[in-house]
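Presented below is the structure to which this report refers.
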Amino acid sequence: MRLVLEWLHDYVRPDLETRELAARLAMTGTEVDRVEHHGVAALEHFVVGRVLEAGRHPDADRLWVCTVDVGDGAPSTIVCGAPNVAAGQTVAVARPGAIMPDGTRLKAAKLRGIRSEGMILAEDEVAIGTEHAGIMVLDGLPGGAEIAPGAPLAQLLPIATEVLELEVTPNRPDCLAVYGVAREVHAATGAPLGPPPWEHDPHPAGDAIAGVRIDVEVGDLCPRFTARAFEDVTIGPSPWWLKARLLAAGQRPINTVVDITNYVMLLTGQPLHAFDLDRVAGAHLVVRRAGDGERMTTLDDVERVLDEDVVLIADDEGPTSIAGVMGGARSEVHDGTTRVLIEAATWDGPNINRTSARLGLRSEASARFEKGLAPEQALEAQAVASRLMTELCGATPLAGTIDAGGAGPAPAVVRLRDARLAALLGAPIARERSAEILGALGFGVAQAADGLDVSVPPFRRTDVTREADVIEEVARIEGFEGLPATVQENRTGRPGQLTAAQRLRRRAEDVLVGRGLREVVGWSFAGEALLDRLRLPAGHRLRAVVRVENPMSEAQAILRPTILGSLLDSAAHNAARGMGDLALFESGAVYNPDGDGPLPAEHHALAAVLRGALQPASWAAGSPPQAGFFAAKALVEAVFGALRVPLAVAPPEDPAAWPFLHPGRAAAVLAGGEPIGFAGEVHPLVVAAWDLGDQPVAAFALDLGRLVARAPETAGYADLTSFPAVRQDLAVVVPDDVPAARVVEIVGAHASSVHVFDVYRGAQLGEGRTSLALHCEFSARDRTLTDEDVAKVREKIVAQLAGIGGELRA
């Protein structure tokens with residue numbers, strides 16, 4: 001929500017700078033995403049001017065050369081293109097040095113040979129409206145004709161304000177209203193709170209409107225429906241103060257009646273809808289379910305096909321509005337409207353959410369209704385709308401208010417015990433202070449023997465239901481940062497600590513951080529399009545996914561079956577912003593529906609993606625190594641080594657198991673003979689699907705839970721021999737289809753250590769043969785081995801290598 005600070009100051013004015021206020025709101029639970037400046041800057045250059053003369057430009061038919069008194073002695077010459085400029089007008093002037101809403105600094109300039117010393121302004125040029133056809137004439141404003149030239153323009157028009165972009169949580173629809181946030185600011189800062197704008201209701205009393213009927217057939221989906229009627233309505237542009245506030249809040253001004261409904265919604269949090277009463281067939285509205293396949297055209301000129309789960313407002317000729325979402329084109333207010341029916345209703349939040357999602361139609365109204373509004377808010381909004389309809393449209397209210405459903409249930413009373421508050425927060429808060437905080441937030445408070453009896457206001461009815469909720473309200477205003485830091489103890493009296501599995505999991509993550517990878521945290525949700533982008537064929541095991549019953553969007557419709565997708569999303573996001581070399585890892589849960597109980601199966605995965613250079617380029621080291629299969633395998637080896645689990649890598653038994661990997665550059669990762677993941681290069685088609693360019697992308701993914709289960713909780717001690725080892729390099733020739741790991745396994749059974757340091761293929765070896773160079777160490781615990789001892793061991797190695805078609809080359 002965009003909170004206009006100048007509007008907020010109508011009700012509460014804290015003695016804080018804007019960013020200090022933003023920080024205070026954030027610390028009390030109302031997150032401020034950013035602070036923006038709306039309108040113009042360098043206000044000293046925006047002044048009131050009076051047009052002394054206005055004549056045609058000698059070299060341009062559509063320009064006027066004006067002499068304007070701007071209050072600094074000699075009049076200024078300003079070239080203006082507006083057709084409505086005339087001598088004697090009081091106008092808004094921007095002088096050289098003024099900063100316009102788009103950030104442009106105004107300078108004096110020659111227009112067709114005549115020097116112009118500023119601008120005579122239209123409303124869109126100071127962001128208080130959308131009209132550009134003519135300049136603003138200020139004579140009609142209160143005090144506009146009497147104000148002296150040179151006076152600050154900000155005295156007459158709201159041309160600049162700060163705007164707070166609030167991130168309102170779904171449980172706080174009351175903070176989607178200016179007055180609701182004002183209440184929060186009052187509680188958080190102690191600044192006085194003005195009376196609510198609905199305190200006085202000027203509408204004539206009565207429980208019916210002559211000639212108008214309302215029937216509600218679905219009371220469970222429409223707990224309250226209110227309506228008021230007005231005649232002698234004049235439709236026209238809204239005043240500048242109203243248009244300025246709507247624009248700053250992100251709304252486009254349309255006309256007085258529509259602008260009033262939007263203004264009241266932003267102020268009170270309750271959406272309204274205005275009908276042209278003469279277009280409501282039979283002056284009769286019915287709230288009902290839509291028929292399956294029923295159609296209507298909404299205000300955006302789109303024909304919608306409805307189903308029976310959608311709630312409609314219909315007249316005697318058919319649908320006129322999709323309840324809580326958007327009105328219909330047939331009964332909308334237009335320039336010739338003279339009679340208006342204003343509706344303010346309460347709708348079932350889950351139903352509005354489903355309707356909005358199913359139709360792909362979100363609006364400011366649906367965003368509020370789906371969070372759950374209180375029935376009491378309907379008449380509060382009607383009171384404000386009635387006053388504005390009379391003041392701005394010259395409307396005559398018709399006596400009576402139709403109110404179907406009435407107010408909500410009586411306020412719930414929750415006992416707040418002093419002892420329970422102290423136990424939950426770890427520190428006591430004085431009862432008097434708790435009462436002060438709750439009263440400032442709009443709660444009713446009465447003394448009780450062991451604390452307070454707290455009455456929950458209607459606008460917090462769905463959010464505050466138990467004692468812990470009330471304690472949270474007290475704590476967030478008092479300040480969580482002021483609570484003492486304590487270490488919770490378990491029943492044994494010892495401070496809490498990580499489990500062995502948690503320590504091992506962190507060790508694995510730390511290894512990757514030590515290798516230069518950066519951790520990312522991706523969404524557990526994903527879209528079904530992920531399955532296609534990963535090239536998963538029909539029937540593939542990863543296509544058996546856990547679906548979300550009420551997803552926020554199609555992109556969050558399933559729980560991710562693999563962690564690779566979110567890592568590729570992060571890689572693509574960084575690559576699109578110029579980060580060519582990437583080394584990212586993620587540690588998180590993945591899901592499949594084959595759980596033992598009612599819940600889906602879930603395991604903790606560890607994965608990484610690599611792209612580009614693995615280390616920065618250096619003049620001494622030459623070209624840095626690039627991401628590829630062996631880089632991913634090296635990271636897997638590092639993780640296994642840190643957890644002290646023997647690693648085995650083998651060709652995949654079924655290459656189709658991982659269609660998102662390069663078929664010739666992938667391997668299964670084994671622990672204890674069981675596959676627990678993969679390492680390899682990502683398939684080029686998958687790389688292209690994420691727009692990651694032509695460079696190879698390497699990846700690995702492990703079932704970290706199964707890997708940790710095979711790790712020893714404690715490291716075993718192995719005695720180091722004091723006798724020196726005999727070191728020898730062996731060259732072994734084997735067929736190409738023999739894995740190097742098999743050769744290392746055979747040699748390692750006889751040597752104390754062995755590793756491959758070179759691979760060679762050439763014509764002298766013969767076709768289909770490969771030479772592996774191995775560095776070996778031979779040792780014994782009781783003596784130093786002789787060359788004869790090692791020769792005997794080497795003969796055993798040669799004999800076993802022969803069994804796989806190998807031989808000793810050197």
All strands (runs of 3 or more DSSP E) inside segment 234-328 with 3 or more residues being within 19 Å of R368 (Cα to Cα) and modelled with pLDDT of 95 or more: 311-315
Options E745, E713: the member that is under 30 Å from T499 (Cβ atoms) and either of a type in the set (D, E, K, R) or touching a residue at least 40 places away in the same chain (Cβ under 8 Å) (or both): E713
Residue in segment 181-196 that is open to solvent by 30 Å² or more (accessible area, probe 1.4 Å), touching a helix residue (DSSP H, G or I) at 6+ places or on another chain (Cβ under 7 Å), at pLDDT below 95 and assigned to a loop (DSSP other than H, G, I, E, B) present: no
Pairs, first at positive phi and in contact (Cβ under 8 Å) with a residue 60 or more places away in the chain in segment 147-164, second assigned to a strand (DSSP E or B) and crowded, with 21+ Cβ neighbours inside 10 Å, C-beta under 6 Å, six or more apart: G150/V47
Candidate set from segment 688-709 (those that are open to solvent by 70 Å² or more (accessible area, probe 1.4 Å) and modelled with pLDDT of 90 or more); member that is nearest to R611 (Cα to Cα): D691
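Could you please give the count of residues in segment 780-810 that are among the small types (G, A, S) and open to solvent by less than 50 Å² (accessible area, probe 1.4 Å)? Before the answer, list the steps.
Quick first cut of segment 780-810, residues among the small types (G, A, S) only: 780, 791, 799, 802-803, 805-806, 810.
Narrowing further to those that are open to solvent by less than 50 Å² (accessible area, probe 1.4 Å): 780, 791, 805-806.
Within segment 780-810, residues that are among the small types (G, A, S) and open to solvent by less than 50 Å² (accessible area, probe 1.4 Å) number 4.
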From P598, P551, P624, residue being of a type outside the set (S, T, Y) and surrounded by 14 or more Cβ atoms within 10 Å (Cβ to Cβ): P551
Number of the exception - R560 against (1) farther than 19 Å from D703 by Cβ; (2) open to solvent by less than 20 Å² (accessible area, probe 1.4 Å): (1)
Only one of P253, P173, P237, P195 that is of a type outside the set (A, V, I, L, M, F, W, C) and without any contact (Cβ under 8 Å) to a residue 12 or more places away in the chain: P195
Whichever residue in segment 524-541 is free of Cβ contacts under 8 Å to residues at least 40 places away in the same chain and buried (at least 16 other Cβ atoms within 10 Å of the Cβ) and, among such residues, is farthest from the chain's Cα centre (by Cα): L531
The one condition in (1) over 24 Å from G405 (Cα atoms); (2) touching a strand residue (DSSP E or B) at 6+ places or on another chain (Cβ under 6 Å); (3) of a type in the set (D, E, K, R); (4) surrounded by 21 or more Cβ atoms within 10 Å (Cβ to Cβ) that E303 fails to fulfil: (4)
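Can you confirm whether A698 is in a strand (DSSP E or B), closer than 19 Å to P675 by Cβ and either in contact (Cβ under 8 Å) with a residue 12 or more places away in the chain or β-branched (V, I, T) (or both)?
yes
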Residue in segment 612-619 that is modelled with pLDDT of 90 or more, out of contact with any Pro (no Cβ under 6 Å at 6 or more places or on another chain), open to solvent by less than 50 Å² (accessible area, probe 1.4 Å) and assigned to a helix (DSSP H, G or I) present: no
Only one of V732, V738, V744 that is part of a strand (DSSP E or B) and not aromatic (F, W, Y): V732
Selection within segment 203-219 - in contact with a helix residue (DSSP H, G or I) (Cβ under 9 Å, 6 or more places away or on another chain) and surrounded by fewer than 12 Cβ atoms within 10 Å (Cβ to Cβ): G211
Selection within segment 393-418 - surrounded by fewer than 19 Cβ atoms within 10 Å (Cβ to Cβ) and closer than 17 Å to D201 by Cβ: T396, A399, G400, G406, A407
Residue count, segment 781-810 (criterion: in contact (Cβ under 8 Å) with a residue 60 or more places away in the chain, under 16 Å from P735 (Cβ atoms) and not charged (D, E, K, R)): 5
Which listed residue is at pLDDT below 90 and surrounded by fewer than 19 Cβ atoms within 10 Å (Cβ to Cβ), from P735, P712: P712
Options V726, V744, V734: the member that is closer than 25 Å to P646 by Cα and within 54 Å of the chain's Cα centre (by Cα): V744
From D469, D453, residue being under 30 Å from the mean Cα position of the chain (by Cα) and either basic (K, R) or at negative phi (or both): D469
Answer residue from segment 649-687, given it is in a strand (DSSP E or B) and open to solvent by 40 Å² or more (accessible area, probe 1.4 Å) and is nearest to L606 (Cα to Cα) among those: P675
Qualifying position, being in contact (Cβ under 8 Å) with a residue 60 or more places away in the chain and of a type in the set (K, R), among R289, R279, R304: R289
Residue within segment 95-105 that is more than 18 Å from I135 (Cα to Cα) and more than 47 Å from the chain's Cα centre (by Cα) present: no
Condition broken by R358, with the remaining ones in (1) open to solvent by less than 20 Å² (accessible area, probe 1.4 Å); (2) part of a helix (DSSP H, G or I); (3) touching a residue at least 40 places away in the same chain (Cβ under 8 Å) satisfied: (1)
Pair list, Cβ under 6 Å, 6 or more apart: segment 444-455 residue without any contact (Cβ under 8 Å) to a residue 40 or more places away in the chain and open to solvent by 40 Å² or more (accessible area, probe 1.4 Å), other residue among the charged types (D, E, K, R) and in a strand (DSSP E or B): A446/D453; D450/R417
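The values are calculated or read from the model by the stated rules, or taken from the named source; none is laboratory data. If you're wondering where the values come from, they're calculated on a predicted model, not measured in any experiment. Please note: Cβ atoms are built from the backbone with ideal geometry, for glycine as well, and neighbour counts cover all protein chains shown. The accessibility values were calculated without ligands, DNA or RNA, using every heavy atom of the protein model including side chains. Shrake-Rupley method; radii C 1.70, N 1.55, O 1.52, S 1.80 Å.
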